[in-house]
Amino acid sequence: MDIHEYQAKGLFLDYNIPVPNGKVAFSVQEAETVAKSLAPGVTVVKAQIHAGGRGKAGGVKLARKKEEVGPYAKELLGKILVTHQTGPQGREVKKVLIEEGADIAKELYVGFVFDRGSGAVMLIASTEGGMDIEEVAHRTPDKIVQCAIDLTVGYQAYQGRSVAFRLGLPKELLGQWVTILGNLYRFFVEKGALQVEINPLIVTRDNRLVALDAKVSFDDNALFRDEGIRALRDTGEEDPLETRALQYNLNYVKLDGEIGCMVNGAGLAMATMDVVQLAGGSPANFLDVGGGASKETVKQAFDILLSDKNVKGIFVNIFGGIVRCERIAGGIIDAAKEVKICIPVVVRLDGTNAKEAKQMLSESGLNLTVADTLWDGATTIVAKVGAAAR
Ligand code: GDP
Ligand code: MN
């Protein structure tokens, strides 16, 4: 789960990580009110979307006078911001963060990311922070310093110092640097994050370290532990179909192909997508209806697949292990009666009571094709979708 910059900065404050004074605003008027409450001087207006690269896309505005805050907020609110991370369709800006401007001497980069390969938390830092960090990592990888942190031991101050020496940070920043890293690590572990990133962590002209940006992603599997973090979820930033799927415990990821796949089990779902591709088609989604799929989940799954306008055919591939095949067949028949399906549907069921289930489907009078094997099913749906397109 991703959160917004303003939310991440709120959490940083709880962990004594310095951030600029500021507050989120949902309207132009609110933006002006917040601006008035801040210190005189430059005020920053920042688009709040779940994507980075805002600076380069015009999503970060520096208002030299307080009177400029309103017009900048007006320009950003409701705007579709397209950054290198949003994809070409962009994201609508629904809120802006209004902050006191900082006096930047240097932009650093620092982050922690969970590295599944080594099972450690990687501390990543660079003196070349700011808007071109990807470029830096690509062209001058030696400017990026890494340090693996053993989860059982946790972050140790010497690791922060060692990274600082490798980066050549000035001595007078060392105390703050080591403390901020320690606090950020504690936040990372306690709150169940997978990634935290401060880019830039700035050095001000009066030698203070301040987190000017904040990007945090939480581990969905740790969300149950923390109600406060769960409350930060912003469904307005999610794909509406994915939000609905989550409500019904369906594991759904939208893709851009045209064959909707309804499968039980993540492994079988991956295999189904591969085989559809091998048969010459392109999957419109990953959808795992789970081991104990019921009539209701099958119906919801059909609804979700049919709501995607790209879907030109549906391939149901279910292995009846925990759940018996005839229950799934019953679910499909009920669902197909309730939701109007006017695209080809191919169903392949295997496992417990597969024979009975196939018979039920064949005798249902519904316009669907029963397939025997995965390959048979995949080639049939690809052929049907191809024929419909011609
Ligand atoms: P991102 O582009 O989405 O990562 O957004 P950031 O929050 O990192 O902002 C992008 C850039 O805007 C930063 O790298 C800074 O150079 C600049 N910026 C942000 N806040 C301030 C500020 O208070 N003062 C100044 N001078 N520049 C700022
Ligand atoms: Mn940034």
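The values are calculated or read from the model by the stated rules, or taken from the named source; none is laboratory data. Please read these numbers as outputs of a predicted model, since none were measured by experiment. All Cβ positions, even for glycine, are placed from backbone atoms using ideal geometry, and neighbour counts span all protein chains on display. Please note that ligands, DNA and RNA were not included when accessible areas were found on the heavy atoms of the full protein model with its side chains. Shrake-Rupley method; radii C 1.70, N 1.55, O 1.52, S 1.80 Å.
Could you pull out the residue among Val42, Val60, Val28 that is at pLDDT 95 or above, near ligand 1 (Cβ under 10 Å from one of its atoms) and touching a Gly at 6+ places or on another chain (Cβ under 6 Å)? First the steps, then the outcome.
Numbers: Val60 fails: touching a Gly at 6+ places or on another chain (Cβ under 6 Å); Val28 fails: near ligand 1 (Cβ under 10 Å from one of its atoms).
Answer to the selection: Val42.
Exactly one of these conditions fails for Val93: (1) outside the structural domain of Phe224 (by TED's automatic domain parsing); (2) modelled with pLDDT under 95; (3) touching a helix residue (DSSP H, G or I) at 6+ places or on another chain (Cβ under 6 Å). Give me its number.
Of the numbered conditions (1) outside the structural domain of Phe224 (by TED's automatic domain parsing); (2) modelled with pLDDT under 95; (3) touching a helix residue (DSSP H, G or I) at 6+ places or on another chain (Cβ under 6 Å), the odd one out for Val93 is (2).
With the condition kept exactly as written, say whether any residue in segment 143-158 is within 13 Å of ligand 2 (Cβ to nearest atom) and either more than 27 Å from Gln48 (Cα to Cα) or touching a Leu at 6+ places or on another chain (Cβ under 7 Å) (or both).
Taking segment 143-158 and keeping what is within 13 Å of ligand 2 (Cβ to nearest atom), we get none.
Among the residues of segment 143-158, not one is within 13 Å of ligand 2 (Cβ to nearest atom) and either more than 27 Å from Gln48 (Cα to Cα) or touching a Leu at 6+ places or on another chain (Cβ under 7 Å) (or both), which makes the answer no.
Among the residues that make up segment 236-247, is at least one of them free of Cβ contacts under 8 Å to residues at least 40 places away in the same chain and of a type in the set (Lys, Arg)?
Step one: filter segment 236-247 for residues free of Cβ contacts under 8 Å to residues at least 40 places away in the same chain, giving 238-240, 242-243, 246-247.
Applying the additional criterion that residues be of a type in the set (Lys, Arg) yields none.
Checking segment 236-247: not a single residue is free of Cβ contacts under 8 Å to residues at least 40 places away in the same chain and of a type in the set (Lys, Arg).
Are there any pairs with C-beta distances below 9 angstrom linking a residue in segment 189-206 that is without any contact (Cβ under 8 Å) to a residue 40 or more places away in the chain to a residue that is among the basic types (Lys, Arg), with the two at least 6 apart or on different chains, and if so which?
Listed by first residue and then by second, the contacts come to Gly192/Arg225.
Please work out if Ala211 is outside the structural domain of Phe286 (by TED's automatic domain parsing) and within 16 Å of ligand 2 (Cβ to nearest atom).
Details: outside the structural domain of Phe286 (by TED's automatic domain parsing): yes; within 16 Å of ligand 2 (Cβ to nearest atom): yes.
Against the criterion (outside the structural domain of Phe286 (by TED's automatic domain parsing) and within 16 Å of ligand 2 (Cβ to nearest atom)), Ala211 qualifies.
State which residue pairs qualify: first residue closer than 18 Å to Ile202 by Cβ and in a loop (DSSP other than H, G, I, E, B) and inside segment 128-152, second residue within 14 Å of ligand 1 (Cβ to nearest atom) and open to solvent by 80 Å² or more (accessible area, probe 1.4 Å) in any location, beta carbons under 6 Å apart, and separation of 6 or more residues or different chains.
From segment 128-152, the pairs are Met131/Lys56.
Considering each of Gly52, Gly10, Gly70, Gly78 in turn, give the residue that is within 11 Å of ligand 1 (Cβ to nearest atom) and of a type outside the set (A, V, I, L, M). It would help to see each step written out before you state the result.
Details: Gly10 fails: within 11 Å of ligand 1 (Cβ to nearest atom); Gly70 fails: within 11 Å of ligand 1 (Cβ to nearest atom); Gly78 fails: within 11 Å of ligand 1 (Cβ to nearest atom).
Only one candidate qualifies: Gly52.
Strands (runs of 3 or more DSSP E) wholly in segment 1-106 with at least 3 residues that are open to solvent by less than 20 Å² (accessible area, probe 1.4 Å) - which ones?
Working: elements: 22-25, 43-47, 60-63, 96-100.
Output list reads 43-47, 96-100.
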